[in-house]
1. Where does each of 16-24, 260-268, 238-246 land if you order them by average Cβ count within 10 Å, highest first?
2. Remind me, relative contact order of the chain in percent, using alpha carbon pairs under 8 angstrom and six or more residues apart?
3. For the chain, what proportion of DSSP beta bridges, expressed in % and rounded to the nearest 5, is antiparallel?
4. Can you work out the FRET efficiency for the pair Arg175 and Gln142, with r the C-beta to C-beta distance and R0 = 22 Å, to the nearest 0.05?
5. Kirkwood hydrodynamic radius, computed over distinct alpha-carbon pairs, for the stretch 28-109: how many Å, to one decimal?
6. Points 7 angstrom from Cα along the Cβ direction at Lys194 and Thr101: gap in nanometres?
7. Express the relative contact order of the stretch 6-71 as a whole percentage, based on alpha carbon pairs under 8 Å and six or more residues apart in sequence.
8. In nm, to one decimal, how far is the Asn3 label point from the Tyr23 one, both placed 7 Å along Cα→Cβ?
Amino acid sequence: MSNLTTEDIDAVCGLVDDLCGIYWDASKAYLIESRLSSLMRSSNAANYLDLVRKVRAGVAPGLKEQVIDAVTTNETLWFRDNSPFEALRHKVIPEVIDSKTKSLSPRRLRIWSAASSTGQESYSIAMALADIIYDYQTWDIQIVGTDISPAAVAHAQQGRYNKLEVSRGLDVAYRDKYFVDEGDHWLVRDSLRKMCTFSVRNLHQPFIGLGPFDIVFCRNVAIYFTAPDRRSLFERMADTLTPSGWLFVGSSESLSDLGARWAPQEHCRATCYQPNLAKAYSPARLATAQDW
Ligand SMILES: C[S@@+](CC[C@H](N)C(=O)[O-])C[C@H]1O[C@@H](n2cnc3c(N)ncnc32)[C@H](O)[C@@H]1O
């Protein structure tokens, strides 16, 4: 039996929406209790309504970030779903490299893992790049990982994973090649870490200073948003990609309802999207086309 009142539920759902743009309603009462009850106790809040009041009033330093860490679902693994990484190796990276050969920076790659969680997605992308670009260490490569959860970002920045984390989707050959054995943990080697940066970002806020990217991974995050927020996210994301850029979404996600803005393509059993030029870019963005 839940002890939550309607006021508790409304207050927490409103807070979660305001902080993260994650949609919760009364059907998520079990999540409110499982994710926030210990935080309610440790912050000496009398009830959930009081916890929300404390966060909104900013009276307890760090409490807002703790709530964000608690309400986000950071589930991830190495080479998640596999097929996007096959498409990346065999189709997308070779095509991106080809499209850049005549540009001013043919050896520069910019990739965004939007909602990078604890870093497995970014480092998997780095391993896929290392697989097919033999001299990748001499390239100018940046894999920009962003996530709203400060704890997840800190974990990604450390690049240290326990045995259970390392066992989830990571081939032993990759583990031995790209990680240092620290006994209880495995540390990502510098050759991969040098390519990856991580920072806290809310996808609902403007993408100032982000892009242009050759490839964007935005997987398993928009499923938590309302339909209008999800639409807005992918519309704004088109402006962060180069005209020949590629977008990967989660295996259970599709952009088919967003009209002609995104052109789907099937490669290696993965659906990837390219911006449909005329439809994808805002007039302001098209005016800067010579900078791409
Ligand atoms: C299920 S994980 C997906 C991780 C990775 N992309 C993957 O597919 O394995 C979802 C991530 O989205 C992040 N997230 C949720 N809302 C967000 C928002 N508004 N802005 C940025 N990241 C958000 C969460 O913190 C969480 O780490």
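1. Going by the mean number of other Cβ atoms within 10 Å, highest first, we get 238-246, 16-24, 260-268.
2. The normalised contact order for the chain reaches 17 percent.
3. 40 percent
4. Numbers: r = 24 Å, r/R0 = 1.09.
With R0 = 22 Å, the Cβ-Cβ based efficiency is 0.40.
5. On the way: mean 1/r = 0.0598 Å⁻¹.
That comes to 16.7 Å for the stretch 28-109.
6. Calculated label separation equals 2.6 nm.
7. Contact order relative to length: 36 percent.
8. 3.1 nm
FYI, it's all coordinate maths here, none of it is from the lab. Since this is a predicted model, take the numbers as computed values, not measurements. Positions of Cβ are generated from backbone atoms using ideal geometry, with glycine treated the same way; all protein chains shown enter the neighbour counts.
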